[in-house]
Amino acid sequence: MSVILAVESSCDETSVAIVKNRNILSNVIASQIKLHEQYGGVVPELASRKHLEIVNPCIDKALEESQLSWNDIDAIAATVTPGLVGSLIVGMTAAKTLAMVHHKPFLGIHHLEGHIYASYLNEPDLEPPFLCLLVSGGHTSLIHVKASGIYENIGSTRDDAAGEAFDKVARLLGLPYPGGPIIDKLAKQGNPEAFKLPEGRVSLPHNQGFHPYDSSFSGLKTAMLRLITKLKEEKRGNLPIEDLCASFQFTVAKALTKRAICACLDLNLTKIAVGGGVAANSGLRQHLQQEADKHKLQVFFPPLKLCTDNAAMIACAACDHFNHNLRSSLSLGVASRMNIENVSKLYQ
Ligand code: KG4
Ligand code: ZN
């Protein structure tokens, strides 16, 4: 059993957590949503300054809530890739400093691997192989989790990430940032079949030149723009915002579900773990569960707090690597991008 303190600061959440293998001892999350809301998206420079301001109080609070002392901590971890470089540097430097001061090993963690490990926090008995549908503000990927630290990225988005599509469509509808939660809320009062929208073209295996499990959301976003403009021109009263949200959400849910189920069946996998901020979406949860049941596949959704960015999932990934004797060098740097298949490069 190992105990890890991890720092997550890849985007707009400063988070520090302490995890004992797959058990959360504390998970402090300071969201910057209020700061970035007025700009309609994350402003990188403001994000890194805020991380710097808040990271130390978050570390103190995480330690206090866990009721542990530094002696109880086996290693310190931080997200080092992918993400906003300035933001990643703040969390990584804080973690490396703690590692040096307290003479503990340091582990650099891949953020997307963290989203995969969020499922283990909720389902301690879950073991590979399984398929992970990773849907966040920056990523839409289907990852074949073969074993601890062994991944194959079998599908990605060709353009916008699923969460990015939610955020952009919310903006078209005049809704605040981040768009996912508010679209999800409004969609509950709308008709998902009210408008027929395109699901994205890259779905079929015989579609030469495209990967069968890739997705595309830019066509859907353009269709939403055209539809909203047309409805506004017709000036038939207020925009049917609930129906627009419900139809958009249902289309995204269908597109993601179709690819995940298809990949799972093709690879003979029986379990799908969903991760990333969009895993919080109620429409996706409902549709994917319904389709998975038809094929007798198991689906795992982390609780909402573990779907969006948090350090507990980073600490959980670090625990597993620590238990496999992996350590990072203190000279490891951050990277804005890195394929999850190359995670072993983060360790000595
Ligand atoms: O994983 P995450 O916290 O950060 C990234 O690593 O990107 O995901 C944030 C994204 C945002 O685009 C947000 O709009 C979306 O997750 N999101 C949702 C919901 N809650 C958050 N999208 C759809 N439905 C939700 N309920
Ligand atoms: Zn994330």
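Derivation of every value follows stated rules applied to the coordinates shown; laboratory data play no part. Model, not experiment: these values are computed from the prediction. We place every Cβ from the backbone using ideal geometry, glycine too, and count neighbours over all the protein chains shown.
For the charge dipole of the chain, defined by +1 on Lys and Arg C-beta atoms and -1 on Asp and Glu C-beta atoms about the Cα centroid, which residue among Ala78, Leu239, Cys307 has the Cα displaced farthest towards the positive pole?
Value computed over the given set: Leu239.
Less than 21 Å apart at the alpha-carbon level, and either on another chain or at least 8 residues along: which lysines does that give for Lys20?
Within the straight-line limit of under 21 Å, Lys20 reaches these lysines: Lys61, Lys96, Lys104, Lys305.
Just want the answer: with Cβ charges of +1 for Lys and Arg and -1 for Asp and Glu, which residue in Ala273, Thr222, Gly155 is farthest toward the dipole's positive end in the range 128-305?
Looking along the dipole axis, the top candidate is Thr222.
Assign unit charges at the C-beta atoms only (+1 for Lys and Arg, -1 for Asp and Glu), then state the dipole size of the range 271-348 relative to its Cα centre in Debye, rounded to the nearest 20.
On the way: 8 positive and 5 negative charges, 8 e Å.
With only Lys, Arg, Asp and Glu charged at Cβ, the dipole is about 40 debye.
Can you tell me the dipole magnitude for the range 128-305 around its Cα centre, using point charges on the Cβ only (Lys, Arg +1; Asp, Glu -1), in Debye to the nearest 20?
Here the range 128-305 has a charge dipole of around 200 debye.
As a footprinting exposure proxy, order Ser87, Ser247 by other Cβ within 10 Å, with the fewest listed first. Intermediate results must be reported in sequence, preceding the final value.
Working: Ser87 29, Ser247 23.
Placing the least packed residue first, the sequence is Ser247, Ser87.
Would you calculate a helix-derived [θ] at 222 nm for the chain, using -39,500 (n - 2.57) for each DSSP H run of n ≥ 4 and dividing by the full residue count, to the nearest 500? Let's see the in-between values first.
On the way: 11 runs with 150 residues, N = 348.
About -14000 deg cm²/dmol.
When only alpha-carbon atoms are used, what values of Rg and Dmax, in angstrom, describe the range 293-338?
For the range 293-338, the Cα radius of gyration and maximum Cα-Cα distance read 15.8, 49 Å.
Straight-line reach from Lys34: which aspartates and glutamates fall under 14 Å, measuring Cα to Cα and dropping same-chain residues less than 8 apart?
Asp12, Glu13
So in the range 128-305, what percent of DSSP beta bridges are antiparallel if you round to the nearest 5? Don't skip to the answer; put the middle values down first.
Working: 12 of 20 bridges.
Beta bridges within the range 128-305, antiparallel portion: roughly 60 percent.
Can you pull the Rg over Rh of the chain, Cα-only, Kirkwood?
Dividing the radius of gyration by the Kirkwood radius yields 0.99.
Under the rule of at least 5 residues apart or a separate chain, name every residue whose amide H is placed under 5 Å from the amide H of Val3.
It is Asp74, Ala75, by chain and number.
What number comes out for the charge environment of Pro124, summing +1 per Lys or Arg and -1 per Asp or Glu over other residues with Cβ under 15 Å away?
Here the count lands on -1.
So, R0 is 30 Å and r is the distance between the beta-carbons of Lys188 and Leu46; what FRET efficiency does that work out to, to 0.05? Kindly include the intermediate steps, with their values, before the conclusion.
Values: r = 32 Å, r/R0 = 1.07.
It comes out at approximately 0.40.
Can you say what percent of the DSSP beta bridges in the chain, counting only those with both residues inside, are antiparallel? Round to 5.
60 percent
Magnitude of the Cβ-charge dipole of the chain, K/R +1 and D/E -1, about the Cα centre, nearest 20 debye?
The calculation lands at about 720 debye.
Fewest first, what order do Phe322, Phe301 take by the number of other Cβ atoms within 10 Å? Could the numbers behind the result be given before it?
Values: Phe322 20, Phe301 23.
By the 10 Å Cβ count, ascending, the order reads Phe322, Phe301.
To the nearest 10 degrees, how steeply does helix 218-234 sit against the main Cα axis of the chain, on a 0 to 90 scale?
50 degrees
Based on the alpha carbons, how large is the Rg to Rh ratio for the range 125-244 when Rh follows Kirkwood?
1.06
If you rank Asp293, Asp74, Asp12 by fewest surrounding Cβ atoms within 10 Å, what's the result?
Asp293, Asp74, Asp12
Can you give me the long-range amide H partners of Asn23? Hydrogens built in the peptide plane at 1.01 Å from N, cutoff under 5 Å, separation of 5 or more residues or another chain.
none
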